[in-house]
Structure formats: structure tokens, C-alpha cells
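To start, the structure itself, in C-alpha cells.
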Amino acid sequence: MKRVNKFRLRPTKEQEKILLSLCEMSAVLWNKLNFIRRQAFFKGEFDWKEGVDDLYNEFKRILGSATTQQIIRKNNEAWRSFFSLLKLKNKGKLPSHIRKISPPRYWKDRESGRRKLMTVIRNDCYRIEEVRGKKWLILPKGLRIRITGEIRWRGKQGRLEIFYDDGRWYAYQSVEVNQPRRTISPVKAFVDLGVVNIITAWIEGEKQPIAFSGKPLLADWWYWSKKIAHYQSIAKKVNGVNITKRIREYYRIRQLRFRHAINTIVFRFVKLCYDKGVTEIVVGDVSGIRQNNNKNAKVNAMIHNFWSYRYIINRLIMTAENFGIKVKLVKENYTSSICPRCGSTNVYKYKRLFKCLNCSLEAHRDVVGALNIARLSLNGTGGSNGGLALPELPRVHPSVAQTSPLGILAL
């Protein structure tokens, strides 16, 4: 499997000048090639070879042949991905979470018009040295740049992508690693994803379900959303615009805080599964939940803007892979509306309370969802196993998660 190490670059002023020149010309190459291909695509005359040799010969003297080759290859990958999505769309098989596809864009900021400073270094054209606890990135053109960040993944190194973002230099190193699957006795965990509780789960053989509350995350998200709305109203009155540098930064902060908290929740949950001997996590697939879901403004904002279902799923799959655990998605239609004990649909639901009017079962609605996922997955066996009590609620507070990976506080 492929993973990425992220580093912060600490160049000197002279090194930064070289990096700026390298990334500037890399962006020029990308934009020129992309312009040729976009124009050809819109005319219906797309040709993979058009302009490639001329641009290669022009830029290999500036960037070096290896870097020029890698940028062209990266552009090829972007266009192949676009054509693959286009083919799925024509067949009516486009994933539901993808609403719009468009040709690869330029390395340019739409609002400022400035080029995005990026470049790509081939895997055999760089190396990372560790000397007395310090790390150095050795690049072409005699660059030896101090870097900080953890080398989390070690294996066969892939290409290195360097970019400039908000006054700082970063590098992403792709690494190919081998992570064997767990081979112990199979134990499954069954997961119901939600807004109020981000993850509600029941692990086979356990009496107590667990849940990770999303309320602190939601409160933090509302705080930043109101802050954004406040400054948007001022910007609209004063300048007639909806976005400013300050507002853009607030959007960025809101997203980073949310994702950091989600990453912490997912890691803690998967680590718990690993400690319990879980070999497979079965997750209810709620794809398409946003379709035809139109309620009041607050609920719509929570479902359509706050709840990043696809991001949570992707993080769950990737983190579980790191522990050698398989993730399986299953349909969860009506899992919170059926009694997991007797299968009756004669139920009463109020907020997070679930009560079966047939067998008098009372339980937490999210727990009922997780147990019904288990019941369906296990063909009707092992659905309850006594795990119908209120779930244990670990929590992640965004402000805690921002400063420390130990952000989960058990109630």
C-alpha cells in the first residue's frame, strides 16, 4: 500500500530563491502543457503527444530532464483520471459523491491569478539524511535543506512533491510499504456513522457498545461558521464581496480543526478495535443520504455542510489498513427503524431514544443502527448479544485535539 510522509522545509534565503525559481518554472511547464491539452479537448482533437516533445526540450535545460519528465507524467495521470471519470459518467456509473467533473486545472490561484508554486522530484533524484537527530533533504542543484517532521513510513520511496502554502514550504514523500492482514481468530466491529455521534460501534463479544460524540465538533463548527457569516456580511456591505483573506483563513481553520478531530476519533476507534482483536470493520454505507434530504436550515447545514461522510470513510479505511484491518461497506437502509431483537417495525422513536412496541426493547437509536448492521451482516445471528445498553461515550474536543493527539476524554 502507498502512504505519504509530510515534511516542513526550512530553507535559507538563498535556498528559498532556488526553490522559488524551480517551482515557478515547474508551474509554467504544467500550465503550458495543460493549455494545449484543454484546447485540444474542447475542440475534440485531444492528442497525448501534442506539444510534449517541444516542451520537454525547452524545459529540460531549465528544470532538468528528470523533473521535466515527472511534471509531464503527473499531468498525464491527471488527464487519465479525468477520462476515467468521464467514461463512468457516460455509463451512468459515476460515484454518488462526485457531482461534477472537469478537465485538470492550471497551477494557478483563481482569485489572485498567481501561479501555484509546486514541483515534482523523481524518486532517484533526492534522498533524506538523518544526522544527529536532524533531517536533511538532498535535492538536485546542490540543495541540502533542513526539514522537520516525522518519518512515519519507511519503505520503497516514490516521488517527492514540494509546494509553497501560506508562507511555508512543505514536501510530500510517497512511500510503498507492506502491511500484512491480521490472521488471528476473526472478530468483527459494526459501525453506524452519524452527525450527533460520529461513530457508534459494537464489537463482537462485547457487552458495552461505544460511541464518539460529534457534539463538541459540531459546536466548534458552528462557532467558526457564525464568525465567517459575520465577516461576510461586513465584506458584502463595505466591498460588495463574499470572500476576503480573513474569511478564507477562517474557512481553512474550520476545516483543519474538523479534520484533526475526525482523524483523532478514527485513530482511537481503530486502535481500540486492534486491541480487541478485530480483523474486520463493517460500516453502514450512507451514500446518497444528502439526496432528497431537505429539512430546516439548521439540519440541512449539519447534513450538507458539516458532516463530511466521505472524508470519514476514507480516513477509516486508510487508518484500518495501517493496523492490518479490513473495512467493508454494507447498505444500512432502515437499520435505525427495525428492532434488532425481534425484527419488528412497530417502533417509537424520539430524538436518540428507540423503543420497540412489540417486545418493549428500549435502546439508543445509534446503537440500534450498529446492532442491525451486525444482524444483517451475520445473517440474523449475534445481533444483540446483550449489547443494547446506552453506549459508552468517549469524546474529542476540537481545541484539545488541535494541541494533542490524546484528545479523547472518556466520560
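The values are calculated or read from the model by the stated rules, or taken from the named source; none is laboratory data. Owing to the predicted nature of the structure, the values given are computational and were not obtained by experimental measurement. Cβ: placed from backbone, ideal geometry, glycine included. Neighbour counts: every protein chain shown. Areas reflect the complete protein model, heavy atoms only, side chains present, ligands, DNA and RNA absent. Shrake-Rupley method; radii C 1.70, N 1.55, O 1.52, S 1.80 Å.
Things worth noting here:
- Members of the stretch 268-280 found to be within 19 Å of the chain's Cα centre (by Cα) and surrounded by 23 or more Cβ atoms within 10 Å (Cβ to Cβ), listed by number: PHE269, VAL270
- The stretch 308-330, subset of a type in the set (D, E, K, R) and assigned to a strand (DSSP E or B), residue nearest to GLY214 (Cα to Cα): LYS328
- Evaluation of TRP30 against (1) under 30 Å from TYR311 (Cβ atoms); (2) open to solvent by 60 Å² or more (accessible area, probe 1.4 Å); (3) aromatic (Phe, Trp, Tyr) (one fails), failing number: (2)
- ARG341 being in contact (Cβ under 8 Å) with a residue 24 or more places away in the chain, in a loop (DSSP other than H, G, I, E, B) and open to solvent by 60 Å² or more (accessible area, probe 1.4 Å): yes
- Of everything in the stretch 233-246 that is at pLDDT below 90 and β-branched (Val, Ile, Thr), the residue that is farthest from ILE312 (Cα to Cα) is VAL238.
- Count of the stretch 350-371 residues which are part of a strand (DSSP E or B) and either open to solvent by less than 80 Å² (accessible area, probe 1.4 Å) or β-branched (Val, Ile, Thr) (or both): 6
- Check on ARG257, touching a Pro at 6+ places or on another chain (Cβ under 6 Å) and at pLDDT 90 or above: yes
- Among the residues making up the stretch 212-232, a single one is modelled with pLDDT of 90 or more and farther than 30 Å from LYS245 by Cα: PHE212.
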